[in-house]
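For reference, the structure is listed below as structure tokens.
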Amino acid sequence: RRWSGIVGSCVLVTGLHPDQATGAAAQLAKAFGKPFAVVPCCTFADDFPDRRLPDGRLVRTYEELISWLREQNAGARVEYLPFHGKNAVVFTPGVG
């Protein structure tokens, strides 16, 4: 109930280097039918032992985290921002 008041009026859930909140930001958006955009950095693999790829491997690398985010969110895409470093943005396109 608390989250519906906060997220209900949002047009986008976003996270720039959200650390452990990366997956939660995408899940929150999905739960409320909102698009999301996250720029992940660290995987925090030890904090999330339930994150697994379709083949059963643990999500441990940056590339695997991006793949996992895309697999968890139908239609999610990846683009790259114009700066050096961890610059992939995983997002679901908005409607309208």
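Here P(r) over Cα pairs in 5 Å bins from 0, in percent was computed from the coordinates, and among (1) 3, 12, 18, 16, 14, 16, 12, 7, 2, 0; (2) 2, 14, 25, 24, 19, 11, 5, 1; (3) 2, 13, 21, 21, 18, 16, 8, 1 the match is (2).
Leu53 sits with roughly 20 Å² accessible to a 1.4 Å probe, with DNA, RNA and ligands left out of the calculation.
Helical content alone sets the calculated 222 nm signal of the chain at -8000 deg cm²/dmol, taking -39,500 (n - 2.57) per DSSP H segment of four or more residues and averaging over every residue.
For the range 83-94, 3J(HN,Hα) computed residue by residue from phi via the Karplus equation (6.51, -1.76, 1.60; θ = phi - 60°) reads 8, 7, x, 6, 10, 7, 10, 9, 8, 10, x, x Hz, glycine and proline entered as x. Placing a label point 7 Å from the Cα of Asp55 along the Cα-to-Cβ direction, the residues of the range 62-87 whose backbone N falls under 18 Å of that point are 62-72. Computed on protein heavy atoms with a 1.4 Å probe, the accessible areas place Asp55, Asp19 in the order Asp55, Asp19, largest first. Measuring nothing but how far apart in sequence close Cα pairs (under 8 Å, 6+ apart) lie, relative to its length, the range 39-95 scores a relative contact order of 32 percent. Is the shape of the range 46-96 best called rounded, prolate or oblate, per the rule: a/c under 1.5 gives rounded, else a/b larger than b/c gives prolate, else oblate, with a ≥ b ≥ c the square roots of the Cα gyration tensor eigenvalues? Since a/c reaches 1.5 but b/c is at least a/b, the shape of the range 46-96 is classed as oblate. Our summary gives the chain a relative contact order of 25 percent, counting only alpha carbon pairs under 8 angstrom and 6 or more residues apart.
In this structure, the amide hydrogen of Cys41, modeled 1.01 Å from its nitrogen in the peptide plane, lies closer than 5 angstrom to those of Asp19, counting only residues at least 5 positions away or on a different chain.
Loop-located trypsin sites (Lys or Arg not before Pro) across the range 48-78 with a Cβ neighbour count of 16 or fewer within 10 Å are Arg57, Arg60, with loop assigned by DSSP.
The values are calculated or read from the model by the stated rules, or taken from the named source; none is laboratory data. The model shown is predicted, which means the values in this text are computed figures rather than measured ones. Neighbour counts are summed over all protein chains in view; Cβ atoms, including those assigned to glycine, are modelled from backbone coordinates with ideal geometry. Only protein heavy atoms, including side chains, enter the accessible area calculation; ligands, DNA and RNA are left aside. Shrake-Rupley method; radii C 1.70, N 1.55, O 1.52, S 1.80 Å.
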